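The values are calculated or read from the model by the stated rules, or taken from the named source; none is laboratory data. The structure presented is a predicted model; accordingly, all values stated were derived computationally and were not measured. Counting neighbours? That spans all protein chains shown, and the Cβs are built from the backbone with ideal geometry, glycine included. Areas reflect the complete protein model, heavy atoms only, side chains present, ligands, DNA and RNA absent. Shrake-Rupley method; radii C 1.70, N 1.55, O 1.52, S 1.80 Å.
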Amino acid sequence: MLLSVDIEKVEPLADGASFGEVGAYERVIGTARGEVDPQDPANAGIALIDKAPRNDRGMVEYATDIFILRPKNPARGNGRILYEVNNRGRKMLFGNIADGPQGVNDPKTTADLGNGFPLRLGFMIVWSGWDPDAPRVNMGLALTAPVATANGKVDGEPIFQAVRDEFVSGTRVGALETFNLSHEVALLKEPRPQLTVRERADDPPQELPLSQWTFVDRRAIKLSDGAKPKPGHLYELRYVARNPKVQGLGFAATRDVVSWLRYDSAATAVTGRPITHALAIGFSQAGRYLRNHISEGFNRDEKGRRVFDGIHSHIAGIGRVFFNMPFAQPARTSTQHEDHDYPENAFPFSTATLEDPLTKQKGALFRGDGSDPKLMETNTSTEYWQKGASLLTTDPLGLKDVVLPENSRVYMIAGTQHGGRAGATTDPGPNVNPRNPHNPMPAVRALLMALDEWVVSGKAPPPSRVPTLGDGTLVEPDKTGFPALPGAAVVRVTNRVTPPGDWVNPRPAERAYRTLVSRVDADGNEVAGIRLPDIAVPLAAYTGWNEYKAPYPAGEIADRDGSYLAFPAGKIADRYPNRADYVAKVRTVTETLVRERLLLQDDADHFLEKARAETRVSP
């Protein structure tokens, strides 16, 4: 439960700019302080809670950053919360769903807010910290959590554990000069930590002698003599760590903040009016966090009330976060090349109740205890290739389609890469093929509005739209029918998904889940899922996969990049005799998508405007 909410500042957003009928918004920035009862069954699942120092009341305390955008006139808002789970401390809402700029963690100006989509709908936007190690620089959001000790005292005996950290330079976060450790090194000398390097996960690791690397401090290492890490290579440090934080308190903090805003009468000092419903959205890691939030029981507060009525998890695949465990590393995300052996993909995957022949477990992501929200899961093509997304709608061995519960929907947005958004580049970067610029957010916007309507009025959203075994659109990765294209690298395997094992000293798993992908048409575009106009009326082939090129590990599946393979001019001319024909085909697609509630009219109009200006099609 929350003990206090300390507001540090309230100020106009975007100099008081108006967002449609809702009008102006305010920025509200502060800190929420809370405590949990370690004896309460609602908190029993928090790892190391029994080792956390307690206050005089026997409670475990935490503090979390909060950042809120609220209508200046609460009566003009819709009375509902849209809570975005931050991604490694970052606010990603406006850079994604509002087609805004990337990297804005302190939204202040109209430019920072893109098209202002969620503001124009009247939501109160809420963020809070959940990860104790998320960076707080540039208004990053984090959690202040206690360090667990052997006897649960503030200055008690430290807890130690052998751990493994993996580092890759040049793929996800740019070129690395320093390798930052997930935990504090306990011993700098004997037993000395061991650093190894290899090009690919299946290669034997080569130990680097002590003369080639050094500690910067207890939380960082670097190569010696100014040496640079090899691009895309896997560096691993094995060491004894100490002082684990009680990270799982992040789940409780999210639960408590939203519950307080919804149900505590004192919260109207912040919200300005009673809150009728709460929705959550999360992108990538944050989407995986929300899957965890549901499965671990944190969508029920300490009084048994539902926290989020509706949840939209975007680009999470079947994953969760490596978070609520001792010495966890929540920034990890498993792909074919990187972080492959960290625990992320644990059964159950689907909201349907299933049996797992590999682990002999039975279960579902949903708990069936009245706390389950209405859940939408949207994924791109990449999540089918890298994140096992087909297992959301099939049995674990990929042999049959499954029926999802009525409060669950799954959608694949065809022809899109993991980080698809407005303004994405076609520059190949470290890859063989140009990267995929397709923007899935028009579909995400429409589905968020459908989720809101589902929660508020009970109107069912569009049916799930994914490739299926039943209609022959869900196939093995080497049987997609992808055409031969000169000079293009073509991926024909998926990331191998296996039950979690020993993440410190991993061993190859004997059996794996069967992960499948969408069949493609003669152009190379996926035939299933939500086909936005760029896919349905194409000028290129858009995929969710790509391959690395030298000096990166050539042939490995690029981490989360897709491919953009433009049609030759002659093919475009043969397909679309003139621009009027092209525009007519785009109009037909947009009208269908709008009718199916998979596209908003504003976005349909934008697609038509873009089609009329398309210079690759003859006038």
Worksheet item: Under a no-solvent Debye model with one identical scatterer per Cα of segment 95-249, what's log10 I(q)/I(0) at q = 0.14, 0.20 Å⁻¹?
Response: -0.89, -1.23
Discussion item. Using the Cα centre of the chain as origin and beta-carbon charges of +1 (Lys, Arg) and -1 (Asp, Glu), tell me which of 584, 544, 343 is placed farthest towards the positive end of the dipole.
Written reply: 584
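Please compute the alpha carbon radius of gyration of segment 363-420, then divide it by the globular-protein estimate 2.2 N^0.38 Å. Two decimals is fine.
1.22
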Response to the item:
Among 124, 79, 144, the residue whose Cα sits farthest towards the positive end of the charge dipole of segment 54-144 (+1 at Cβ of Lys and Arg, -1 at Cβ of Asp and Glu, taken about the Cα centre) is 79
Fill in: Projected label distance in nm at residue 353 and residue 580, using a 7 Å step from Cα toward the beta-carbon
6.0
Discussion item. Run the reach check for residue 362 against lysines, Cα to Cα strictly under 30 Å, same-chain hits fewer than 8 apart removed. What comes back?
Written reply: 303, 374, 387, 400
Worksheet item: Over the alpha carbons of segment 264-418, what is the largest minus smallest coordinate on each principal axis, giving the biggest first in Å?
Response: 50, 36, 30
Worksheet item: residue 220 to residue 55: extension gain in nm, 0.36 nm per residue of separation minus the Cα-Cα distance?
Response: 56.2 nm
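Cα-based Rg of segment 443-573 per 2.2 N^0.38 Å, rounded to two decimals?
Taking the Cα Rg and dividing by 2.2 N^0.38 Å, one obtains 1.32.
How much length is gained on full extension from residue 505 to residue 200, taking 0.36 nm per residue of separation minus their Cα-Cα distance?
108.2 nm
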Discussion item. As a test of understanding, state the convex hull volume per residue of segment 259-346 from its alpha carbons, in Å³.
Written reply: 119
Worksheet item: With contacts defined as alpha carbon pairs under 8 Å and 6 or more residues apart, what's the relative contact order of segment 465-592 in percent?
Response: 23
Worksheet item: So how much slack lies between residue 479 and residue 73, counting 0.36 nm per residue of separation and subtracting their Cα-Cα distance, in nm?
Response: 140.6 nm
Item to complete: Please work out the ratio of the alpha-carbon Rg of the chain to 2.2 N^0.38 Å and round it to two decimals.
Response: 0.96
Worksheet item: Measuring from the lowest to the highest alpha carbon on each principal axis, how far does segment 496-619 reach, largest first, in angstroms?
Response: 60, 36, 23
Worksheet item: Hey, what's the per residue convex hull volume over the C-alpha atoms of segment 352-495, in cubic angstrom?
Response: 138
Discussion item. Please report the projected area of segment 23-131's Cα convex hull averaged over all directions, in nm².
Written reply: 8.4
Response to the item:
Rounded to whole angstroms and listed largest first, the alpha-carbon spread of segment 81-134 along its three principal axes comes to 32, 23, 17
Discussion item. Counting pairwise Cα distances across segment 501-542, what percent come out greater than 17 angstrom?
Written reply: 52
Item to complete: Find how many whole Å separate the alpha carbon centroid of segment 67-107 from the alpha carbon centroid of segment 444-518.
Response: 28
Item to complete: Quick one: which residues, 5 or more positions from residue 216 or on another chain, have an amide H under 5 Å from its amide H? H modelled 1.01 Å from N in the peptide plane, none for Pro or chain starts.
Response: 221, 222
Item to complete: Divide the volume of the convex hull of the Cα atoms of segment 572-618 by its number of residues and quote the answer in cubic angstrom per residue.
Response: 59
Fill in: All-pairs alpha carbon distance profile, segment 194-341, 10 Å steps from 0, percent
9, 28, 26, 18, 12, 6, 0
Fill in: Label-point separation, residue 610 to residue 399 (7 Å along Cα→Cβ), nm
4.3
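Quick one: ranking 606, 340, 183 by accessible area, 1.4 Å probe, largest first, what do you get?
606, 340, 183
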Worksheet, complete the sentence: Computed, not fitted: 222 nm per-residue ellipticity of the chain from DSSP H runs ≥ 4 (each -39500 (n - 2.57)), nearest 500, equal to -4500 deg cm²/dmol
Worksheet, complete the sentence: Taking every C-alpha to C-alpha distance in segment 1-71 and binning by 5 Å from 0, the per-bin percentages run 4, 14, 18, 15, 11, 10, 9, 7, 7, 4, 0
Worksheet, complete the sentence: Across the alpha-carbon set of segment 507-568, Rg over Rh with Rh taken as the Kirkwood radius works out to 1.08
Discussion item. At 7 Å along Cα-to-Cβ for each site, give me the label-to-label distance between residue 602 and residue 137 in nm.
Written reply: 3.4
Worksheet item: Given Cα pairs under 8 Å that are at least 6 residues apart, what percent is the relative contact order of the chain?
Response: 11
Item to complete: Return the sequence-ordered ³J(HN,Hα) values of segment 38-51 in whole Hz as given by the Karplus equation 6.51 cos²θ - 1.76 cosθ + 1.60 applied to θ = phi - 60°, using x for Gly and Pro.
Response: x, 8, 6, x, 5, 10, 5, x, 6, 4, 6, 4, 6, 9
